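The values are calculated or read from the model by the stated rules, or taken from the named source; none is laboratory data. Being a predicted model, the structure only gives us computed values, none of them experimental. We place every Cβ from the backbone using ideal geometry, glycine too, and count neighbours over all the protein chains shown.
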Amino acid sequence: MSSLIEFREVCKYYQMGDTTVKAADRISFQIQKGEFVAIVGQSGSGKSTCMNIIGCLDVPTSGTYLLDGQDVGQMDKNQLAAVRNKMLGFIFQQYNLLPKLTLQENVEVPLMYAGVPKPERHERSRIALEMVGLGDKLKHKPMQLSGGQQQRVSIARALAGDPAVILADEPTGALDSHTGREVLTMLQQLHAAGNTVVLITHDNSIAVQAQRIIRLEDGHVVYDGDADDPRAVVTPGMAGRGAAAG
């Protein structure tokens, strides 16, 4: 059985003046359908680069990224956009809601880009908002909601497209700890319902809510395994630096 997400020796290099920065250096891993995986690392570790590649927002410099068996690195911009709309549901730290649209209209935006007919968009957006407990606020505007409720709208927006992968980039970063826990609980519930969830974070206490942790340092995978293993949150490099943020 092929993996839903597969990195094979993925490299991403950037040129900064005369210096070549290796944001991802021969990263390999597989994520199966139905997994809940956290990709964790400090600033500069390569986690954002991995997120951009998984999300078809960027392509590898070398190596191969397969999404459901498709070689994403060989796609042009239009093909990448089509894959994003069809297969990926994004949850961002800053919600990215449009203030002048109602909650239902916000949830419908990616469906509109995907060419979903209007009656189906209405139905799917309504169901998705009901799933996150906001079925009674379809006509509200984002500014009428709390931060946690706005993040729930962004989760509904991700769910409405019935994506193969839910990609959550620091989804609790703008929330207080209590509201952040509610959002993490919702991601765990989505996983329990059979969804594939990939969580990007710098925070160990958030990463351990996943089933599995892939830890990155300096563009390399330094741990890939069970989230309950003590090695998931402590690496030799961290111990040597006193776990300081990079």
Examine segment 17-33 for a residue that is crowded, with 18+ Cβ neighbours inside 10 Å and in contact with a Leu (Cβ under 7 Å, 6 or more places away or on another chain), and state whether such a residue exists.
yes
For Val10, the lone unmet condition from (1) touching a helix residue (DSSP H, G or I) at 6+ places or on another chain (Cβ under 7 Å); (2) assigned to a loop (DSSP other than H, G, I, E, B) is (2)
Among (1) at pLDDT below 90; (2) surrounded by fewer than 16 Cβ atoms within 10 Å (Cβ to Cβ), the one test that Thr185 misses
(1)
Could you say which residue among Val107, Val132 is buried (at least 21 other Cβ atoms within 10 Å of the Cβ) and either over 22 Å from Gly34 (Cα atoms) or touching a Phe, Trp or Tyr at 6+ places or on another chain (Cβ under 7 Å) (or both)?
Val107
So Thr61 passes all but one of these: (1) more than 20 Å from the chain's Cα centre (by Cα); (2) over 27 Å from His202 (Cα atoms). Which condition number does it fail?
(2)
Pick from segment 165-209 the residues that are of a type in the set (Gly, Ala, Ser), in contact (Cβ under 8 Å) with a residue 24 or more places away in the chain and in a loop (DSSP other than H, G, I, E, B): which of them is farthest from Asp68 (Cα to Cα)?
Ala174
Positions within segment 23-39 being part of a strand (DSSP E or B) and either closer than 25 Å to Asn195 by Cβ or touching a His at 6+ places or on another chain (Cβ under 8 Å) (or both), in sequence order:
Asp25, Arg26, Ile27, Ser28, Phe29, Gln30, Ile31, Phe36, Val37, Ala38, Ile39
Against the definition (surrounded by 15 or more Cβ atoms within 10 Å (Cβ to Cβ), within 17 Å of the chain's Cα centre (by Cα), of a type in the set (D, E, K, R) and within 29 Å of Ile53 (Cα to Cα)), how does Arg124 come out, yes or no?
no
By residue number, the members of segment 123-136 that are out of contact with any helix residue (DSSP H, G or I) (no Cβ under 7 Å at 6 or more places or on another chain) and farther than 11 Å from Arg152 by Cα are Glu123, Ile127, Asp136
Within segment 145-161, identify whether any single residue is at pLDDT below 95, surrounded by fewer than 19 Cβ atoms within 10 Å (Cβ to Cβ) and basic (Lys, Arg), and answer yes or no.
no
Could you tell me whether any residue of segment 15-22 is over 12 Å from the mean Cα position of the chain (by Cα), at pLDDT below 95, under 23 Å from Asp229 (Cβ atoms) and not in a strand (DSSP E or B)?
no
Output yes when any residue across segment 173-180 is closer than 22 Å to Leu57 by Cβ and of a type in the set (Val, Ile, Thr), and no when none is.
no
Residue check for Arg157: part of a helix (DSSP H, G or I), at negative phi, under 20 Å from the mean Cα position of the chain (by Cα) and not hydrophobic (A, V, I, L, M, F, W, C):
yes
Filter pass, Gln42 being within 19 Å of the chain's Cα centre (by Cα), under 23 Å from Leu184 (Cα atoms), in a strand (DSSP E or B) and not hydrophobic (A, V, I, L, M, F, W, C):
no
